[in-house]
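Quick notes on the structure that follows.
The values are calculated or read from the model by the stated rules, or taken from the named source; none is laboratory data. Keep in mind that this is a model prediction, so the values were computed, not measured. Using ideal geometry, Cβ is built from the backbone for each residue, glycine included, and neighbour counts are taken over all protein chains shown. Remember, those area values only see protein heavy atoms, side chains included, never the ligands or the DNA or RNA. Shrake-Rupley method; radii C 1.70, N 1.55, O 1.52, S 1.80 Å.
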Amino acid sequence: QVACIEGVEAYVERIKEVNPLINAVVKDRFEEALQEARQVDKLLLEGPHDDCLEEKFPLLGVPITVKEAFSLYGMPNTSGLVNRRNVIATSDATVVSRLKQAGAIPLGVTNCSELCMWYESSNRVYGRTNNPYDLQRIVGGSSGGEGSVLAAACSVIGVGSDIGGSIRMPAFFNGVFGHKPTTGVVPNDGQFPNAQGVRTSYLCTGPMCRYAEDLEPVLRVMAGPGVSKLKLNEKVSLEKIKFHCMDHDGGSIFVSPVDKEILQAQKKVVEHLESDLGVRVQRVAIHKMKYSFQIWSAMMSSKDSEGQEAQRFTDLLGDHGKPVWPLWELMKWLVGMSSHTLPAIALGLTEKLVNLNLSGKAKLVSMGKSLQEEMEALLGPDGVLLYPSHPTIAPKHHSPICMPFNFAYTAIFNVLGLPVTQCPLGLGSEGLPLGIQLVAAAYNDHLTLAVARYLEKAFGGWVLPGKV
């Protein structure tokens with residue numbers, strides 16, 4: 001019905017219109033994208049119109065954006081690190097290559113936090129990205145540019161990665177859908193920094209989009225041959241799902257209490273499930289969730305099965321150059337001389353503290369393994385847990401530094417290896433997105449995706465910024 005060139009042109013114009021406000025796309029490839037769109041139209045005009053074309057190119061002509069941390073040929077690949085500002089990708093990350101082979105057309109790359117390890121997308125290379133619902137609010141991190149660009153209707157599909165909530169927090173703050181797949185199914189190759197040692201079990205690459213129905217076809221392409229593990233062909237009967245609900249983590253001293261509006265939105269979901277599907281949502285209180293941040297932190301810095309140490313953040317900051325001394329960088333930052341952001345410097349400082357108490361760390365790693373068993377037993381083959389995406393709605397710029405551990409609500413599921421879909425639930429009283437995490441046992445991604453499609457119909461899903 002619409003020529004590919006028309007669709008791509010519309011998205012290019014939209015980016016040109018709103019990107020000066022949100023600063024989400026940090027480098028575009030509009031000319032190449034328009035040329036690729038013309039080739040798609042030529043293929044459709046000349047080629048056979050049969051099912052083979054749809055099977056071979058399931059995303060033919062679909063405009064996408066890619067987190068700058070992923071290699072996209074000809075585009076920068078700095079991850080917001082100043083001493084990588086001249087790095088240009090000479091190949092495509094595996095997932096980017098698969099999306100392109102499926103017919104998708106990349107429009108450009110989007111902003112992230114420095115080295116993808118903070119939940120505000122701001123760095124010394126590209127500056128700060130703003131929330132389309134309120135420019136004074138954060139977009140989340142580290143896939144914050146993707147969350148912002150999708151919410152602002154500048155792209156159809158986003159490529160994100162997630163080691164502590166980096167897909168789900170931006171999806172939550174920007175009112176879109178994001179899926180963290182079961183660990184080890186979608187390849188992480190071709191992103192910087194990539195995970196090493198034990199962290200290879202926690203980093204996940206996944207799709208972000210405005211509409212729930214788009215998650216599954218994109219996930220199929222991203223996963224490639226590994227997709228069979230995810231049971232996406234199994235039909236889901238929502239009435240047979242065993243729903244569980246947990247309102248908060250139990251009161252961690254490191255994390256903010258959950259906002260009343262977020263609790264209210266979750267309550268409405270529970271009431272709707274019970275009245276519409278006739279199911280009973282079981283309230284649960286999992287005691288170990290109270291230690292989510294400590295468990296994530298300990299497991300992230302632990303040795304892998306072969307005894308390999310986790311890569312140090314300060315080494316990544318140096319990026320094969322001189323090692324970075326966090327205390328010295330902090331002094332430089334205070335007088336405006338550091339090329340690093342304050343959150344990155346703070347993370348470098350806290351990293352040293354984590355390894356001081358080795359016996360305490362071992363106990364937390366053991367607690368994490370025990371929590372994983374408890375969670376898998378609770379969810380089983382047919383369970384879905386409803387859990388807040390974050391304790392607060394999108395905070396104002398810079399305020400995460402005051403509550404740096406609030407990402408624990410998403411991070412815990414990385415070290416547990418569970419699939420999670422972030423689902424928007426409309427806007428709150430301040431016109432900012434609300435949402436919820438849908439969690440299932442490993443390889444039961446089909447359950448959370450099915451519930452997300454259901455909740456989108458019930459609660460309206462993505463809302464265009466400025467519409468209300």
Matching residues in the range 163-181 (assigned to a loop (DSSP other than H, G, I, E, B) and either within 8 Å of CYS204 (Cα to Cα) or among the hydrophobic types (A, V, I, L, M, F, W, C) (or both)) number 4
Considering VAL156, VAL125, which residue is at pLDDT 95 or above, over 16 Å from the mean Cα position of the chain (by Cα), open to solvent by 10 Å² or more (accessible area, probe 1.4 Å) and farther than 28 Å from SER302 by Cα? VAL125
Of all the residues that make up the range 203-232, how many are buried (at least 21 other Cβ atoms within 10 Å of the Cβ) and not in a helix (DSSP H, G or I)? 8
Suppose we keep only residues that are of a type in the set (Ser, Thr, Tyr) and touching a Ser or Thr at 6+ places or on another chain (Cβ under 8 Å) within the range 190-242. Which one would you say is farthest from GLU114 (Cα to Cα)? SER201
For SER429, which of the numbered conditions (1) open to solvent by 10 Å² or more (accessible area, probe 1.4 Å); (2) outside any strand (DSSP E or B); (3) in contact with a Gly (Cβ under 6 Å, 6 or more places away or on another chain) fails to hold? (3)
Being under 14 Å from CYS423 (Cα atoms) and either open to solvent by less than 30 Å² (accessible area, probe 1.4 Å) or small (Gly, Ala, Ser) (or both) is the requirement here; does ILE167 meet it? yes
Please go through (1) within 21 Å of the chain's Cα centre (by Cα); (2) not in a loop (DSSP other than H, G, I, E, B) for LYS268 and return the number of the only condition it doesn't satisfy. (1)
If I filter the range 60-96 down to residues being assigned to a helix (DSSP H, G or I) and open to solvent by less than 10 Å² (accessible area, probe 1.4 Å), which single residue comes out as nearest to GLY127 (Cα to Cα)? VAL96
Those residues that are closer than 9 Å to LEU72 by Cα and touching a Phe, Trp or Tyr at 6+ places or on another chain (Cβ under 6 Å), I need them from the range 92-111; list them, please. ASP92, ALA93, VAL96
Mind listing whichever residues of the range 18-42 are assigned to a helix (DSSP H, G or I), closer than 20 Å to ILE157 by Cβ and either without any contact (Cβ under 8 Å) to a residue 12 or more places away in the chain or basic (Lys, Arg) (or both)? GLN35, GLN39
